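A short write-up of the structure that comes next.
The values are calculated or read from the model by the stated rules, or taken from the named source; none is laboratory data. In this text the structure is predicted, and so the values were computed from the model without any measurement. Cβ: placed from backbone, ideal geometry, glycine included. Neighbour counts: every protein chain shown. The area values use the complete protein model at the heavy-atom level, side chains included, leaving out ligands, DNA and RNA. Shrake-Rupley method; radii C 1.70, N 1.55, O 1.52, S 1.80 Å.
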Amino acid sequence: MMSDTGGPDGTGTRPPAGAGSYEAKDITILEGLDPVRKRPGMFIGSTSSSGLHHLVWEVVDNSVDEAMQGFCTRIDVALLKDGGVRVKDNGRGIPVDPYPGDPSRSAAEIVLTVLHAGGKFGGSGYKVSGGLHGVGVSVVNALSSRLELQIDRAGARHEMAFASGGTPTGPLEVTGPAPRDRTGTTVTFWPDPTIFEETEFRAQTVLERLQMMAFLQRGLEITFADERPGHEHDETFRYTGGIEDFVRHLNQTKEPLFKKVAYFEQSEDDQEAELALQWNTSYYESIHSFANGIATLEGGMHEEGLKKALTNVVNRYAKARNLLKDADPNLSGEDIREGLTAIVSVRLREPQFEGQTKAKLGNVSMRSLVERTTNEKLAEWLEENPREAGQIVQKALLAQRARAAARHARDLTRRKSALDGAGLPGKLVDCSSRNASESELFIVEGNSAAASARDARDPRTQAILPIRGKILNVEKARVDKILKNAEIQALIMAIGAGVADDFDVAKIRYHKVIILADADVDGSHIRTLLLTFFLRQMKPLVDAGHVYAAQPPLFSTLVGNAKTYLKDETARVRFLDEHPNHKQEFQRLKGLGEMDFHELRDTTMDAGRRSLLQITMEEASIADQVCSVLMGDDVDVRRRFIQTNAKDVRFLDV
């Protein structure tokens, strides 16, 4: 029997009229760009630095789409002195004639003020487009305090401005002739500081993305200019080799097995595929895939097609050349892909994106095209390049032997865990909760810091794993050697989800794995070693957003009777700007091991007050390259990287 108890508390009483009423009059329709300003995270992911840079990507993607159609050869991107961004291209220019559905407004105004308006939704404006995957320039307009639009088209220059989140300040107007019959679009925008947590762009982030776009669009010239005082910098990207140059660029920090890059392309109907492959002496595969210029971080059908065909082609070649005996087991795909750097770039009219982050390509027809292309053209390439083909097979055979040794080492580790009982490292100070979603693992360097952390933690949800010194640099070691390292064994056992090919993110014991290291040179090195291990041996852990770096503050000061903590020098300068009459001294905080436990708790471990940096991988190819630069053998490349990025460093306290 069911009964209606009336009120939600089960007392039989109903709330008074007007208190939380839910009638037709209470339904709100968000007009125009209001939904974007109300829920910006739904459109750009977040209002942090990542979301801020997403605005640039949206505008540049529109220009790249013009290049993909063959109408644009140059894109200029500038970070302006006053905090704005200007993106200028020499494409066709956004249409300026009246929009048929609303003749009182121009098509350009519709594109800038209406969500999901553009030439990529079923019309004939674009054959293939990356912009369909994005949210459009209208969202950039909605999240800007000001946006200025300039269009050169049909011999005339047209201009229009928007303010306060996309409100037109007037109609689109002709302001004069287009210079030298130029065509193209220029968008200048200023992010809204009431929306974003920060509005300062990071030059290196923009440069890396622009360079990747230039690699993917062969022959497209992209210029970058940082006009901000103290940051002045110019750079131009243009690659006539396209993704062949991309592979060489990614391998320049490694040691290629040979100089040649295998390159194939094939097109049929409304789709085309490009592939570039080169092996190096490292122990990790780096396959980066793109669909219509969009990074497909979760892979998809195009990657599946490459992997399946690659395994078949190399095994057939090895057996035909007697490099692999008939009685020998086939080389696995993992063995063949060890040390492989590959770019798979496909273009198609109707991309189907899947997965939680829409970063996986689902078009089955693309798997067939890539598989067929690899089967035919890689087989030809191996026959035409027997020396290189032999090196690929020999490396795969070595990988096969090492994999067998690693399997043996893993089995020994599992047996040892079983004998130990719970299978957890003895030095782990575990939490009492068995709910992984609320549990946190702090990886702490040094016994004294670990002791402070043990006293400062919440024993219900926070576990402490001390590590001694700097762990093994896994960039320079095969998995069989990695598994013999005591500190890494402890890490693997504590996280509880396996390692390398056996890693299963569903089995992790903690949903936050937090690196807790000093804000000095040694601490930065330890952080980098740990991040390299997670990226190379537990990549799904990083992909799922479970890895964090704690950000212990560098300074403290008294404001009245309350102590205020400041993350770094930038925060200290900002604090002084906001408190010009502040007279108290700033205390430079000691290393983690010298902090009192209550100080460590208040600044670094208390979930309500701490500052954590989530490690994400928006661009896998860039993360892969940075890892190789910092942890590889090429000292000159590492020195140049550090000098270039010195202004953007977040942790270092020299």
Across the range 201-235, which residue is most open to solvent (accessible area, probe 1.4 Å) among those that are closer than 14 Å to VAL60 by Cα, not aliphatic (A, V, I, L, M) and not in a helix (DSSP H, G or I)? GLU221
Residue count, the range 439-462 (criterion: over 28 Å from the mean Cα position of the chain (by Cα) and either crowded, with 24+ Cβ neighbours inside 10 Å or not hydroxyl-bearing (Ser, Thr, Tyr) (or both)): 14
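For (1) touching a residue at least 60 places away in the same chain (Cβ under 8 Å); (2) open to solvent by 10 Å² or more (accessible area, probe 1.4 Å), each residue gets a yes or a no:
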| site | (1), (2) |
| --- | --- |
| ALA497 | no, no |
| VAL505 | no, yes |
| LYS512 | yes, yes |
| LEU516 | yes, no |
| SER524 | yes, yes |
| LEU531 | yes, yes |
| LEU535 | yes, yes |
Here are ASN385, ASN330: which of them is more than 30 Å from ASP269 (Cα to Cα) and modelled with pLDDT of 95 or more? ASN385
Select from the range 265-286 the residues that are farther than 30 Å from MET538 by Cβ, open to solvent by 30 Å² or more (accessible area, probe 1.4 Å) and charged (D, E, K, R) and write down the one among them that is modelled with the lowest pLDDT. ASP269
For the range 237-252, which residues satisfy the criterion of being of a type in the set (S, T, N, Q), open to solvent by 10 Å² or more (accessible area, probe 1.4 Å) and within 21 Å of THR281 (Cβ to Cβ)? GLN252
When the residues of the range 552-570 are filtered to those that are open to solvent by 20 Å² or more (accessible area, probe 1.4 Å) and either under 33 Å from the mean Cα position of the chain (by Cα) or β-branched (Val, Ile, Thr) (or both), which remaining residue is farthest from HIS511 (Cα to Cα)? VAL559
Just to be sure I understand, how many residues within the range 314-355 are touching a strand residue (DSSP E or B) at 6+ places or on another chain (Cβ under 6 Å) and not charged (D, E, K, R)? 10
Quickly run through the range 295-327 and pick out the residues that are aliphatic (A, V, I, L, M) and either touching a Phe, Trp or Tyr at 6+ places or on another chain (Cβ under 6 Å) or modelled with pLDDT under 90 (or both). ALA295, LEU297, LEU324, ALA327
List, please: which pairs have Cβ atoms under 8 Å, are six or more places apart or on different chains, and start with a residue in the range 551-562 that is aromatic (Phe, Trp, Tyr) and end with one that is buried (at least 19 other Cβ atoms within 10 Å of the Cβ)? PHE555/TYR565; PHE555/LEU566; PHE555/LEU589
Taking the condition of being touching an Asp or Glu at 6+ places or on another chain (Cβ under 6 Å) and either in a strand (DSSP E or B) or surrounded by fewer than 19 Cβ atoms within 10 Å (Cβ to Cβ) (or both), how many residues in the range 61-77 meet it? 2
Members of the range 236-264 that are at pLDDT below 95, closer than 18 Å to GLN204 by Cβ, not in a loop (DSSP other than H, G, I, E, B) and not aliphatic (A, V, I, L, M): HIS249
Residue ID - surrounded by the fewest Cβ atoms within 10 Å (Cβ to Cβ), chosen from residues in the range 343-360 that are closer than 19 Å to ALA276 by Cβ and out of contact with any Lys or Arg (no Cβ under 9 Å at 6 or more places or on another chain): LEU348
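Each row is one residue, and each column tells you yes or no for (1) out of contact with any Leu (no Cβ under 6 Å at 6 or more places or on another chain); (2) touching a residue at least 40 places away in the same chain (Cβ under 8 Å); (3) under 16 Å from ALA550 (Cβ atoms).
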site	(1), (2), (3)
GLY426	yes, no, no
SER437	yes, yes, no
ALA449	no, yes, yes
ALA453	yes, yes, yes
ASP458	yes, yes, yes
PRO466	yes, no, yes
LYS470	no, yes, no
GLU475	yes, yes, no
ASN485	no, no, no
